[in-house]
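Readers should treat all values here as calculations from the given coordinates under stated rules, not as data from a laboratory. As the structure is a computational prediction, the values presented were derived from the model and not from experiment. Cβ sites come from the backbone with ideal geometry, for glycine too, and all protein chains shown count toward neighbours.
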Amino acid sequence: MQVGNELGAGKPRRARMAALVALWCALAIGVVHVAWTVALSRRWVELFTTEAGVVRLASAAMPVVGLCELGNCPQTTGCGVLRGTARPAVGARINLLSFYLVGTPVAVYLAFGAPGVGFRGLWYGLLSAQASCVALVLAAVVWRTDWRVEAMRAKKLAGLELAHPVPTTTAADDADDAAEERKRLVVAGTGEPAAEGGV
């Protein structure tokens with residue numbers, strides 16, 4: 001949502017920053033999921049059953065579930081960024097490709113065709129789908145997004161398109177904008193803006 005708001009306000013640099021912060025936060029949450037599924041896998045399963053065979057099988061799958069979440073968190077966030085840039089169809093295509101054309105065949109083969117994998121093969125299929133999905137989403141969001149073009153598209157979609165396109169800025173303009181933004185954000189304890197040389 002923040003990405004869409006910043007693009008609609010004509011602030012592509014801030015939209016990009018919002019996207020990157022969200023992706024890094026999602027990655028951190030994914031790491032937490034991996035940690036707890038590895039550390040507490042048996043205890044978590046025993047909350048639901050005490051049957052030894054089920055506990056053994058589910059406990060073995062829990063670390064793979066955690067790895068799936070490591071991919072799922074940034075992937076879901078990336079799809080949210082794609083929605084914020086008015087490109088939900090890109091996210092839908094990536095999900096379709098990843099889960100049905102990569103994950104499902106891998107899961108079916110590993111669970112039912114590969115010897116010795118069995119139940120864990122279903123989770124490995126989900127893991128392969130998550131890995132391909134997060135890679136494609138990150139490629140679409142991080143490397144393939146021109147934030148200035150997206151800001152102009154947002155204005156056009158909102159019916160606020162200007163008669164003149166947003167001018168291209170230089171690195172010096174971006175540095176001036178960043179310095180101005182820092183001055184605006186730095187506030188003394190009394191609520192007054194910071195003094196002119198203060199940071």
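Things to note:
- Percentage relative contact order, region 2-156, counting C-alpha pairs under 8 Å, at least six apart: 31 percent
- Taking other C-beta atoms within 10 angstrom as a stand-in for reagent exposure, Ile29, Ile94 fall in the order Ile29, Ile94, fewest first.
- FRET efficiency estimate (nearest 0.05) - Cβ-Cβ, Met1 to Arg93, R0 25 angstrom: 0.70
- FRET efficiency for Arg43 and Val117, using Cβ-Cβ distance with R0 set to 41 Å, rounded to 0.05: 0.95
- Neighbour-limited loop hits for chymotrypsin sites (Phe, Trp or Tyr not before Pro), region 4-53 (at most 10 other Cβ within 10 Å; DSSP other than H, G, I, E, B): Phe48
- Distance between region 4-21 and region 34-101 - C-alpha centres, whole angstrom: 28 Å
- Remark: Cys68, Cys79 ranked as Cys79, Cys68, counting other beta-carbon atoms within 10 Å and listing the fewest first.
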